[in-house]
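The values are calculated or read from the model by the stated rules, or taken from the named source; none is laboratory data. This is a predicted model, so every value here is computed, not measured. No Cβ is skipped: glycine too gets one built from the backbone with ideal geometry, and neighbour counts run over all protein chains shown. Remember, those area values only see protein heavy atoms, side chains included, never the ligands or the DNA or RNA. Shrake-Rupley method; radii C 1.70, N 1.55, O 1.52, S 1.80 Å.
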Amino acid sequence: MKILVTGGAGFIGSHVVRRMVTTYSEYTIYNLDALTYAGNLENLKDIEKAANYKFFKGDIVDEAFVFEIFKEYNFDGIIHLAAESHVDRSIKDPLAFVKTNIIGTVNLLNAAKEFWKDDKKGKKFYHVSTDEVYGSLGANGLFTEETSYQPNSPYSASKASSDHFVRAYGETYGLPYVISNCSNNYGPNHFPEKLIPLFINNIIEGKSLPVYGNGKYTRDWLFVEDHAAAIDLVFHKGKNRETYNIGGFNEWQNIDLVKLLCKLMDNKLQRSLGTSEKLIAYVKDRPGHDLRYAIDASKISKELGWKPSVTFEEGLEKTINWFLENKEWLLNVTSGEYQDYYNKMYS
Ligand code: NAD
Ligand code: TYD
């Protein structure tokens, strides 16, 4: 099998690539990534020389390039993760999200449609998406696969649009596809613009911890390797034209999560308890901030037998240890473009 993974140098993509390369030596894994600010080949250093792994630097918005690699390699399956993925950036520059998340996805769909038109057997277009497409929950209820789409940010609107295109290519052209919508991930290699890695980095550096609004927003957190395991399962066992919701059964209000993180970090850094909590600063809220996300993951659990393998405490411990042991990684990604973004965003 020749499998194209897009966005494989990013946070989740790198865990997916590693898992596929090391688990399935009989497959060749082709990683296509534009290496934007969020893509980093250091994430894959340990497997870069594997015989069944190949990297292409390229942009999914570039139609000719996408068609060229399809023509040359005739992929059997695609696991599509490449995206602009940060809500705050989408508020500042929605068009970048339209380009990569919508046009880029349609380019991949067109290539799959064209090159699989005579033989769809065994082919699969797997679109990795987010629970944010469902919008915001109130205090109660969970997102199921039947929840209607109500995206509130330019990011979630672009992901919702790409989900619809994938579904439409299944209906209109018979393209074999599967979609999954996952809750917030955390873990090693997480780019420090998102809540958990940003706050770990700021605690290490003694910088303030900018909590948006009153901090009472709720997210459902999943360890990234558990998401990669779910992606492996859905790619191999997921039914054609189905959607699977993936989540951690693990809801936290931001402020409670931040306080837990502060406690764990004080302990790890041998600082007196309460040191990191003093860094918490309530700042202006994010516009259109979704109140609560929570996933009902019973379908993937019942039909495919998936469940998270680590508790939140175990996952956070692994994550914190990784960041403390990989300070150079953190230093490399927090210089340059990122520093500029950070100054503009939080000054
Ligand atoms: P990320 O921002 O860490 O990585 C995205 C990767 O895509 C980077 O390597 C980047 O270089 C690459 N990329 C961006 N634009 C590209 C383009 N035009 N052409 C080729 N490559 C491009 O994102 P992530 O957090 O790893 O998310 C991966 C996928 O999972 C996304 O589709 C996202 O919507 C989805 N998702 C993320 C989460 C989460 O909590 N992070 C949760 C659910 C779903
Ligand atoms: P984030 O990690 O950006 O993920 P998403 O918006 O996709 O859920 O944010 C998680 C939560 O943390 C969200 O409610 C926004 C909040 N947040 C802050 O309070 N401060 C920050 O500096 C960031 C980046 C996020």
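The table that follows gives values for the structure above.
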quantity: Cα-projected label distance for residue 121 with residue 150, points at 7 Å along beta-carbon direction, nm; calculated: 4.6
quantity: Relative contact order computed over the stretch 140-256 (Cα-Cα under 8 Å; 6+ residues apart), in percent; calculated: 34
quantity: Solvent-accessible area per residue, Å², over the stretch 202-343 with all protein chains present [probe radius 1.4 Å]; calculated: 48
quantity: The stretch 261-345, accessible surface, carbon-and-sulfur percent (1.4 angstrom probe); calculated: 50
quantity: Quotient of Cα Rg and 2.2 N^0.38 Å for the stretch 171-230, N being how many residues it contains; calculated: 1.59
quantity: Size-normalised alpha-carbon gyration radius of the stretch 262-347, reference 2.2 N^0.38 Å; calculated: 1.50
quantity: Gain in span if fully extended, residue 139 to residue 46, counting 0.36 nm per residue against the direct Cα distance; calculated: 29.2 nm
quantity: Residues of type aspartates and glutamates that residue 99 reaches as a straight line, Cα spacing below 13 Å, ignoring anything fewer than 8 places off in the same chain; calculated: 59, 62, 63, 84
quantity: Length released on extending from residue 72 to residue 2, taking residue separation times 0.36 nm less the Cα-Cα span; calculated: 24.1 nm
quantity: Simple label model, 7 Å out from Cα along Cβ direction - residue 22 to residue 273, nm; calculated: 3.6
quantity: Computed over the stretch 77-183, the ratio Rg/Rh where both radii use C-alpha atoms and Rh is Kirkwood; calculated: 1.00
quantity: D (Stokes-Einstein, µm²/s), Kirkwood Cα radius, the chain, 0.890 mPa s at 25 °C; calculated: 119
quantity: Tail fraction, Cα-Cα pairs, the stretch 1-72, threshold 14 Å, whole percent; calculated: 55
quantity: Hull volume in cubic angstrom per residue (convex hull over the Cα atoms of the stretch 236-305); calculated: 149
quantity: Carbon and sulfur %, accessible surface of the stretch 80-234 computed with the full protein complex present, 1.4 Å; calculated: 50
quantity: Accessible area per residue in Å² at 1.4 Å probe, computed on the stretch 6-91; calculated: 41
quantity: Heavy-atom accessible area order for 54, 121, largest first, 1.4 Å probe; calculated: 121, 54
quantity: Normalised contact order of the chain, rounded percent, pairs of Cα under 8 Å and 6 or more residues apart; calculated: 17
quantity: Full-stretch length increase - residue 171, residue 256 - with 0.36 nm per residue and alpha-carbon distance subtracted; calculated: 26.2 nm
quantity: Residue order for 319, 147 - accessible surface, 1.4 angstrom probe, largest first; calculated: 147, 319
